[in-house]
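Working notes, beginning with the structure itself.
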Amino acid sequence: WYDENNFDYIKWIRNFGRLMLNNEPFSISVEQPFCTLKDSKIIVETNPLDSYFIRPRYDLKAFKSGVILREEFSQWYENNIDIGVNPLEECLIAIPKHISNEWRFLVIDGAIIDSSYYRKEGKRIDIKGSPDSVIKFAKTIAMNWTHAKICLLDICESEGQLYLFEFNCLNCSGFYAM
């Protein structure tokens, strides 16, 4: 029920396009929307943003994803290299977006089994269940495609719009209030 090849953010963008929160990463080229961690230094050094969202291309947690301030990027990069992250690890870099709410869904064979409202304005809250509109959106995603037969699906709200945030492996994810 686990296929490592499906733990690939590029597959998620191909399957869901604009339904993904970070569907327009910075590009090194048109053909390759991802870069290596090493190349990410070039992007940060040549783009005048104050902060960047960065995550591994593959959902095998090579490094912790998150928003990195421009002035802290070099230290963040060096810290990751020091702990053994491969500088050629592929990553996504995108403009950070404000996330107001996050929900997690347990999905088995494309069906929503349970859910939890786990974050509001960046703070952990753990409330069982989800609003009907969020459940409907999650069902649309789950019935279309999931990266594994059994998985966790994260939905977020940004600027009043629902998005697919990411998929998670059942074996290494929290269930929050489910």
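The values are calculated or read from the model by the stated rules, or taken from the named source; none is laboratory data. It should be emphasised that the depicted structure is a prediction, and the values quoted were computed from it without experimental measurement. Glycine gets a Cβ as well: all are built from the backbone with ideal geometry, and neighbour counts include every protein chain shown.
State whether one or more residues within segment 125-146 are at pLDDT 95 or above, of a type in the set (Gly, Ala, Ser) and exposed (fewer than 15 other Cβ atoms within 10 Å of the Cβ).
There is at least one residue in segment 125-146 that is at pLDDT 95 or above, of a type in the set (Gly, Ala, Ser) and exposed (fewer than 15 other Cβ atoms within 10 Å of the Cβ).
What number of residues within segment 58-72 are surrounded by fewer than 20 Cβ atoms within 10 Å (Cβ to Cβ) and either in a loop (DSSP other than H, G, I, E, B) or touching a Lys or Arg at 6+ places or on another chain (Cβ under 9 Å) (or both)?
Residues in segment 58-72 being surrounded by fewer than 20 Cβ atoms within 10 Å (Cβ to Cβ) and either in a loop (DSSP other than H, G, I, E, B) or touching a Lys or Arg at 6+ places or on another chain (Cβ under 9 Å) (or both): 6 in total.
Across segment 46-99, which residue is nearest to Glu121 (Cα to Cα) among those that are acidic (Asp, Glu) and either out of contact with any Phe, Trp or Tyr (no Cβ under 6 Å at 6 or more places or on another chain) or free of Cβ contacts under 8 Å to residues at least 24 places away in the same chain (or both)?
Residue satisfying both the conditions and the ranking: Asp50.
Return only the number of the condition from (1) hydroxyl-bearing (Ser, Thr, Tyr); (2) under 21 Å from Phe7 (Cβ atoms); (3) out of contact with any helix residue (DSSP H, G or I) (no Cβ under 7 Å at 6 or more places or on another chain); (4) buried (at least 19 other Cβ atoms within 10 Å of the Cβ) that Ser116 does not satisfy.
In the conditions (1) hydroxyl-bearing (Ser, Thr, Tyr); (2) under 21 Å from Phe7 (Cβ atoms); (3) out of contact with any helix residue (DSSP H, G or I) (no Cβ under 7 Å at 6 or more places or on another chain); (4) buried (at least 19 other Cβ atoms within 10 Å of the Cβ), Ser116 misses (2) alone.
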